[in-house]
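I have placed the structure first, in the form of structure tokens, so that the comments after it can refer back to it.
The values are calculated or read from the model by the stated rules, or taken from the named source; none is laboratory data. Model, not experiment: these values are computed from the prediction. No Cβ is skipped: glycine too gets one built from the backbone with ideal geometry, and neighbour counts run over all protein chains shown.
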Amino acid sequence: MKDKFQIEGLDLFYGDFQALKNVELSLGERAITAFIGPSGCGKSTLLKSLNRMNDLVEGCRITGRVLLDGEDVYGDMDVNLLRRRVGMVFQKPNPFPMSVYDNIAYGPRTHGVRSRARLDEIVEKSLRDAAIWEEVKDRLKKPALGLSGGQQQRLCIARALAVEPEVLLMDEPTSALDPISTSKIEDLVLELKKNYTIIIVTHNMQQATRISDETAFFLLGEVVEFGATEDLFSMPKDKRTEDYITGRFG
């Protein structure tokens, strides 16, 4: 499996607090990698470092390298281009207060797509790819905030797909959803893996075992263990991983 991201000696500080310590990871292309670990252990922080969302946090300092297809994202890479290549879906669905159609067309428009026919095409394809087209095709002009929570989250995935990213970062995308919506999102993520590299932060260990190819276990800002999901859950090499997945702490 080819690597999409290589993270080398990454340290991240918020002021004096060190949130990530010497992280070394290779994340495979067109694979699903899960980040697990207790709250506040650094998994979302690392996720946001991959498309430089942490740039927006005051006092955040990063050393080390994050390579996307061999190019350092903290080097000369244009941040807007980076965020176009590396899309993000957040924990709580966050549709814009506009129509379903305009939510999806928003990204392509900011990147200069003006043709109505082309926008129609992108909107339909993105909604189909996010497995929600059938549910919303008759209400494209209606407010996106009128959709259910699970539909809103699939809409946000469609919105991320509309600019044709290579990578999707997902920060606990199902934690605010009911079991049926969660299951739909998991099916969708497995389907999207054919065309995208997906990195997902999850509190739900069953979810990690169901959908991910590889898993990284974080504790106090360090990657304790990283490997094939099946191996990590069935034969963890580190006692701390074992204690976490068997529920002894966390």
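The table below lists the values:
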read-out	value
Residues that are more than 23 Å from Gly28 (Cβ to Cβ), assigned to a loop (DSSP other than H, G, I, E, B) and either among the charged types (D, E, K, R) or at pLDDT 95 or above (or both), drawn from segment 222-250	Arg248
Criterion: within 19 Å of the chain's Cα centre (by Cα), of a type in the set (Val, Ile, Thr), at pLDDT 95 or above and on the phi < 0 side of the Ramachandran plot - qualifying residue of Val57, Val23	Val23
Residue pairs meeting the criteria (Cβ under 7 Å; at least 6 apart or on separate chains; first in contact (Cβ under 8 Å) with a residue 12 or more places away in the chain, in segment 1-21; second among the aliphatic types (A, V, I, L, M) and in a loop (DSSP other than H, G, I, E, B))	Met1/Ala31; Phe5/Leu50; Tyr14/Val57
Filter pass, Gly247 being farther than 19 Å from Ser49 by Cα and surrounded by fewer than 16 Cβ atoms within 10 Å (Cβ to Cβ)	yes
Residue, nearest to Gly247 (Cα to Cα), within segment 177-212, restricted to residues that are out of contact with any Gly (no Cβ under 6 Å at 6 or more places or on another chain) and of a type in the set (Gly, Ala, Ser)	Ala208
Verdict on Ile32 being closer than 30 Å to Arg210 by Cα, touching a Ser or Thr at 6+ places or on another chain (Cβ under 9 Å) and among the aliphatic types (A, V, I, L, M)	yes
Spans of helices (runs of 4 or more DSSP H) in segment 133-207 with at least 1 residues of a type in the set (S, T, N, Q) and free of Cβ contacts under 8 Å to residues at least 60 places away in the same chain	149-161, 179-192
Test result for Pro108, farther than 19 Å from Glu172 by Cα, of a type outside the set (A, V, I, L, M, F, W, C), at pLDDT 95 or above and in a loop (DSSP other than H, G, I, E, B)	no
Within segment 18-92, strands (runs of 3 or more DSSP E) holding 2 or more residues that are buried (at least 21 other Cβ atoms within 10 Å of the Cβ), of a type in the set (S, T, N, Q) and in contact with a helix residue (DSSP H, G or I) (Cβ under 6 Å, 6 or more places away or on another chain)	none
Top-ranked residue of segment 122-132 - restricted to ones that are part of a helix (DSSP H, G or I) and of a type in the set (A, V, I, L, M), ranked as surrounded by the most Cβ atoms within 10 Å (Cβ to Cβ)	Leu127
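The rows are residues; the columns are (1) within 30 Å of Leu119 (Cα to Cα); (2) among the hydrophobic types (A, V, I, L, M, F, W, C).
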residue	(1), (2)
Glu164	yes, no
Asp187	yes, no
Asn204	no, no
Ala208	no, yes
Glu222	no, no
